Amino acid sequence: EAEVAQSPRYKITEKSQAVAFWCDPISGHATLYWYRQILGQGPELLVQFQDESVVDDSQLPKDRFSAERLKGVDSTLKIQPAELGDSAMYLCASSWTSNGPYEQFFGPGTRLTVL
Amino acid sequence: KNQVEQSPQSLIILEGKNCTLQCNYTVSPFSNLRWYKQDTGRGPVSLTIMTFSENTKSNGRYTATLDADTKQSSLHITASQLSDSASYICVVSDLSYKLSFGAGTTVTVRA
């Protein structure tokens with residue numbers, strides 16, 4: 001069964017350092033999402049891609065966060081510099097497209113701890 | 001602002017017992033409502049999805065109901081098992097397919 005892949009699964013870093021997360025969506029899925037989930041809360045959308053284009057990054061803290069999906073397949077989310085408040089689970093999800101009630105399939109997430 | 005409120009925040013039940021989780025939403029215009037199960041340290045996995053015209057949908061021992069008039073949904077777990085211990089998240093989509101997530105209900109099943 002196809003799955004969304006994410007790496008690393010866990011990341012511990014010190015504040016002011018740079019971190020990067022990688023996501024490989026299900027093959028053929030045009031839409032890719034990055035979410036941040038703070039412990040005890042639901043996921044919050046950071047950025048949404050349709051193929052290689054950003055369609056929604058209104059909640060992305062652009063002074064320190066960046067995301068790219070250069071070839072419209074896999075994607076990288078970067079934080080530079082990391083802050084203590086960035087400690088959270090970072091989830092990647094993909095769907096066939098965003099123009100319809102298509103299910104979003106989530107990856108296992110990357111647990112980030114900033115010390 | 002579209003909101004999704006879930007209750008209770010957490011609950012503990014004995015193995016074999018039933019439980020019901022609640023979800024109230026203000027998302028409008030409504031497209032569909034989904035329930036996800038999220039095991040600790042893992043990504044959410046879809047259980048059910050219901051559109052405006054659907055009142056109930058089952059997935060094994062999970063049964064979701066939807067009242068679009070009162071903007072309420074429930075998830076009923078029958079004959080709970082230890083593997084049901086997880087967070088259950090209610091997710092509501094508007095007509096632009098933008099998702100609003102609830103904070104989740106943490107269910108702990110004890111032997």
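The values are calculated or read from the model by the stated rules, or taken from the named source; none is laboratory data. These numbers were taken from a predicted model, which means no experiment stands behind them. Because the Cβ atoms are built from the backbone with ideal geometry, glycine has one as well, and the counts that use them run over all protein chains shown. We work out accessible area using only protein heavy atoms, side chains counted, and drop any ligands, DNA or RNA first. Shrake-Rupley method; radii C 1.70, N 1.55, O 1.52, S 1.80 Å.
Structural remarks
- Qualifying positions in segment B:1-38 - at negative phi, open to solvent by less than 70 Å² (accessible area, probe 1.4 Å), at pLDDT 95 or above and not in a strand (DSSP E or B): B:Pro8
- Meets criteria (open to solvent by 50 Å² or more (accessible area, probe 1.4 Å) and assigned to a loop (DSSP other than H, G, I, E, B)) for B:Lys57: no
- Of all residues in segment A:64-78, those being at pLDDT 95 or above, out of contact with any Ser or Thr (no Cβ under 8 Å at 6 or more places or on another chain) and not small (Gly, Ala, Ser) number 4.
- Filter pass, B:Arg42 being crowded, with 20+ Cβ neighbours inside 10 Å, on the phi < 0 side of the Ramachandran plot and either within 11 Å of chain A (Cβ to nearest Cβ) or in contact (Cβ under 8 Å) with a residue 12 or more places away in the chain (or both): no
- Which listed residue, of B:Asn55, B:Asn18, is farther than 23 Å from A:Pro43 by Cβ, in contact (Cβ under 8 Å) with a residue 40 or more places away in the chain, over 11 Å from the mean Cα position of the chain (by Cα) and away from chain A (no Cβ under 12 Å): B:Asn18
- Entry remark, segment A:87-115: residues being touching a Lys or Arg at 6+ places or on another chain (Cβ under 8 Å) and either open to solvent by less than 30 Å² (accessible area, probe 1.4 Å) or in contact (Cβ under 8 Å) with a residue 60 or more places away in the chain (or both) number 12 in total.
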